[in-house]
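Structure, as structure tokens:
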Amino acid sequence: MLLINITGVVQGVGFRPFIYKLALEEKISGYVLNSSAGVEIKAEGEEKYLETFIERIKNELPPAASITEFIIKKCEDDNFQNFIIQKSRLNDEGLTFIPADLALCTDCLKELNDKKDFRYDYSFINCTNCGPRYSIIEALPYDRPETSMKNFPMCKTCDNEYKDPLNRRFHAQPVACHNCGPHLKLLNNKLKTIKGDPIEETIRLLKSGKVLGIKGIGGFHICIDGENKDAVKSLRQKKNRPHKPFAIMCQIENIKEIAEYNIEEEKILKSAAAPIVILKKSGNFLKNIAPENPNIGIFLPYAPLHYQLFQNGLKFLVMTSGNPPAEPIEKNEEKLTKICDYFLTHNRDIINKCDDSIVKFNKKEMQILRRARGYVPTRIKLPIDTIPTLGCGAELKLSFSLTKGDSLLMSPYFGNNGNKTTMDFYLETLARYKKWFNIEPELVACDLQPDFSTTKFAESLGLPIKRVQHHHAHMASVMAEHNINEQVIGVIYDGTGYGTDGNIWGGEILMGDFKEFERVYHLEYMPLPSGDSSIKNPVRLAYAYGLVSDCDMNYLSDITKLEKQIINKQIENNFNLFQTSSIGRLFDAVSAIIGLKSKISFEAEAAMALEFICSKDINLKEIYNYRIENGIIGVREIIKEIIKDLHSGVSKDFISRKFHNTIIDFTVNSVVKSAKKYGIKKIVLCGGVMLNGIILPELINILELKGFSVYTNRMLPPGDSSVSAGQTLVANSLREGV
Ligand code: ZN
Ligand code: ZN
Ligand code: FE
């Protein structure tokens, strides 16, 4: 007999019925069950059948499943009479499993479009391979009465399918049909029902330029016809979003008209998580959707009702998160009536709101920019043992992480600030996570920054508290993902993080492990006048950076006399002035110095403009001279030379290339020196700046050629969402007796 233990994405994805069916076909007896680690199978049968059974498990996986570990042990026969699906077995830690939401599968899509099918045109069709999961779960165990499907008792047909282990709908909790399941409704913005077929009417309204709120899986989308210029314009006004790119939902066969994609990107687009994938635009199509941006975020329809919208000539839908400005995604219509003209909604409640995930394939690596629908609450296995710990996170890209034993569970993305509504969403989700995963924190970790909402929350808990330096937490998040529990060199490049010296860090080369770190190199401190306001006005940074670099900054336009006077005084008197080593701010300053972006309307807009303009000619190897002294990487010389180049008519795309080359050069130099000094071969690259499409791939190339092993965030985002994860590991290593 064989005992088979499989880990990976194997629960809530139709794995047990798949095994059951294979066992019957291969004349195997025994059982299959969900364990806390994955799936356990006991298989008895003739040698040749056992062999094909195992081969077929590996080769014929259900579409949403994937295997990370496949362990086979031989043991004594138990003389099973038949093959059964046994009750789930959980381990002592009681860490249960909650599946992520899954995009509509191809079998269900076929049925949705098949006039003869029982569920033809049913907007909530699903099976064990697809459908909502995380977003509809109230409590555990994950059974229908504990989900928002509890209001829809199954009809006879659905119930029969649900109970049949050979059926694709065996134990699919959200299974439903026209007769017994949820239904669509169309409302106007007074929330009065509109007569007619909701889908047909929605298509008609979209085509006439209306803004629709569409209730999907994890919340509302605000939707317009992407080919309707006026609609795009009015949506930008209504959402107070002048430049930030919108994502487009379209069918796979239409993507080629607007963007390019490779095999890797196609795989991600079609994956069960169905995230928004950042692709390279092609042609000049839909200019105002992602203005001044060579890329565009594209995702495939993932709920059945999305597919139903692509009819009567609708090809490209702008689908943006349904949230009022600066607030998290909404699951009800009420707060969206000012933005939307109509609502395509339904009566299946969303229990756990969950935004669309955003990913990018950065030449070599898949990176997750926003980790939410389809990826949460997937568990991450840790390299160290932890006590129940809560990592409260940072402030931007808000998230929390909970750990217990060797497991880490990170929340979805909540929003990009710590305001009241975002924190409410955070707290509500935290309460659920604690209950689901049976984790009552005994230790809490937070940022060093005392003003963060998350820090204040951590302090309010009355638990032992560890304050973790922001960039140390970033570095630890990568180590955790890659199972590294030893000293590494970390390159952490981002916008803002409170340093141990009270300054604002963000261009850091650290050496350390989970427990402690040494700041080996960092960017020279530069002035950050009145904090936040200069982050939104890069021209003020440009002025200040130029000034302290002994440059004449009078050439700068887009800055008033008064602004200049204030900054002069701030620098002179060192008043209301922060010092920062942030590389994100350096990008902002350079972007404004060469006249790309003086003001920004969304995060990283100026830095992205600088990246986008960068010459694609990789044979341009020139760099700006820089100096490294006592672990400080000089910035003033670089600024001075950039301004000199600008005045002598050097093109902006060339300046940008030279600037990017310079960053890569000083990074490699500092890493090589640090690695030699400490005898370390493992290099960690993280922080939001690692989303840059030039810096990350080139750093990886060069460092690997030099014989280093390079690690980056994979399952967690390189940006501040991962800070909560890193915090839990650092805090655990700082515990007494560890
Ligand atoms: Zn399906
Ligand atoms: Zn039914
Ligand atoms: Fe950060």
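No lab work stands behind these numbers, since they all come straight from the coordinates. Quantities reported herein were computed from a predicted structural model and do not represent experimental measurements. Reconstructed Cβ throughout: ideal geometry from the backbone, glycine too, with neighbour counts over all protein chains shown.
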| note | For segment 513-583, averaging the sequence separation of alpha carbon pairs under 8 Å that lie six or more residues apart and dividing by its residue count, the contact order in percent is 45
| request: Identify all lysines with a Cα-Cα distance to Lys435 below 19 Å; exclude those on the same chain that are fewer than 8 residues away in sequence. | output: Lys353, Lys404
| message | Is the C-alpha gyration tensor of segment 400-531 telling us rounded, prolate or oblate? Criteria: a/c under 1.5 is rounded; beyond that, a/b larger than b/c is prolate, otherwise oblate. | response | oblate
| remark: Counting only DSSP loop positions in segment 503-583, the chymotrypsin sites (Phe, Trp or Tyr not before Pro) whose Cβ has at most 16 other Cβ atoms within 10 Å are Tyr555, Phe575
| Cα centre as origin, Lys/Arg/Asp/Glu Cβ charges: the chain dipole, Debye | 1560
| Which longest run of the chain has no exposed loop site in it, a site being GluC sites (Glu not before Pro) in a DSSP loop with at most 16 other beta carbons within 10 Å, and the site itself not part of the run? | 293-441
| field | DSSP beta bridges in the chain [antiparallel fraction, %, rounded to 5] | value | 75
| For segment 429-554, what proportion of DSSP beta bridges, expressed in % and rounded to the nearest 5, is antiparallel? | 75
| said: Can you compute the radius of gyration and Dmax for the chain, using only the Cα atoms, both in Å? | reply: 26.9, 89
| request: Could you list the trypsin sites (Lys or Arg not before Pro) in segment 97-191 that lie in coil according to DSSP, counting only those with at most 14 other Cβ atoms within 10 Å of their Cβ? | output: Lys115, Lys116, Lys150, Lys190
| Rg and Dmax [Cα atoms of segment 614-738; Å; Rg one decimal, Dmax integer] | 17.4, 62
| note | Ordered by number, the trypsin sites (Lys or Arg not before Pro) in segment 598-641 that occupy a DSSP loop and have at most 11 other Cβ atoms within 10 Å are Lys616, Lys621
| remark: Rounded to the nearest 500, the 222 nm mean residue ellipticity computed for the chain from DSSP H runs (n ≥ 4, each -39500 (n - 2.57)) alone is -9000 deg cm²/dmol
